[in-house]
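S.K.: Here it is, the structure in full.
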Amino acid sequence: MHELQLLQQVVRIVDEQCRKFPDHKLSMIHLTIGSHSHLASHSLEELQDTFQFASKGTSLESATLKIHTHVTHGTCQSCHTSLTYLSDALSCSQCGSVDISWDAHPELVITGLEFLERTIR
């Protein structure tokens with residue numbers, strides 16, 4: 001389960017950041033995934049369930065994910081057609097070539113954290 005490994009990394013990274021703000025409760029994690037990412041093939045519900053499993057027992061377990069998708073663009077190296085990666089089709093829609101240069105974009109980026117409240121001690 002590749003998505004579990006990625007979301008476990010998100011939990012580790014965000015948990016480290018949250019330790020810097022012990023008086024704040026995390027409510028939402030904003031993630032941007034590339035349309036070329038394996039994660040884009042999963043529903044939001046599946047990713048949220050996987051995140052809940054990965055975050056169980058951590059300070060993140062009550063947080064939710066807000067997922068934004070970055071559409072990956074590319075250029076066919078044979079006919080120079082501009083393409084967007086919106087499905088598993090890895091060949092050019094014009095000439096059928098698989099020699100496509102896709103824009104470099106990370107599979108997953110943590111783009112923001114939202115905190116619900118400040119706890120008073």
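S.K.: Checking Ser37 against (1) in contact (Cβ under 8 Å) with a residue 60 or more places away in the chain; (2) exposed (fewer than 12 other Cβ atoms within 10 Å of the Cβ); (3) farther than 20 Å from Glu114 by Cβ, which single condition isn't satisfied?
M.R.: (2)
S.K.: Out of (1) outside any loop (DSSP other than H, G, I, E, B); (2) under 14 Å from Glu114 (Cα atoms), the odd one out for Phe21 is which?
M.R.: (1)
S.K.: So Glu45 fits all but one of (1) at pLDDT 90 or above; (2) surrounded by 14 or more Cβ atoms within 10 Å (Cβ to Cβ); (3) of a type outside the set (Val, Ile, Thr); (4) within 23 Å of Leu7 (Cβ to Cβ); what number is the exception?
M.R.: It is condition (2) that Glu45 fails.
S.K.: Here's a follow-up. Of all residues in region 49-66, which are surrounded by 17 or more Cβ atoms within 10 Å (Cβ to Cβ), farther than 14 Å from Leu26 by Cα and either more than 14 Å from the chain's Cα centre (by Cα) or modelled with pLDDT under 95 (or both)?
M.R.: Passing the criteria: only Ala54.
S.K.: Checking the structure you have, find out if any residue of region 82-91 is surrounded by 14 or more Cβ atoms within 10 Å (Cβ to Cβ), out of contact with any His (no Cβ under 7 Å at 6 or more places or on another chain) and either touching a residue at least 24 places away in the same chain (Cβ under 8 Å) or closer than 20 Å to Glu3 by Cβ (or both).
M.R.: no
S.K.: So Glu114 ticks every box in (1) of a type in the set (Asp, Glu); (2) at pLDDT 90 or above; (3) under 15 Å from Leu7 (Cβ atoms); (4) touching a His at 6+ places or on another chain (Cβ under 8 Å) but one. Which box is left unticked?
M.R.: Among (1) of a type in the set (Asp, Glu); (2) at pLDDT 90 or above; (3) under 15 Å from Leu7 (Cβ atoms); (4) touching a His at 6+ places or on another chain (Cβ under 8 Å), the lone unmet condition for Glu114 is (3).
S.K.: Now, a different point. Is region 78-89 home to any residue that is among the charged types (D, E, K, R) and at pLDDT 95 or above? Talk me through it step by step, then tell me what you get.
M.R.: Narrowing region 78-89 to residues among the charged types (D, E, K, R): 88.
Checking which are at pLDDT 95 or above leaves us with none.
No.
The values are calculated or read from the model by the stated rules, or taken from the named source; none is laboratory data. Note that this is a predicted model, so its numbers are computed, not measured. Because the Cβ atoms are built from the backbone with ideal geometry, glycine has one as well, and the counts that use them run over all protein chains shown.
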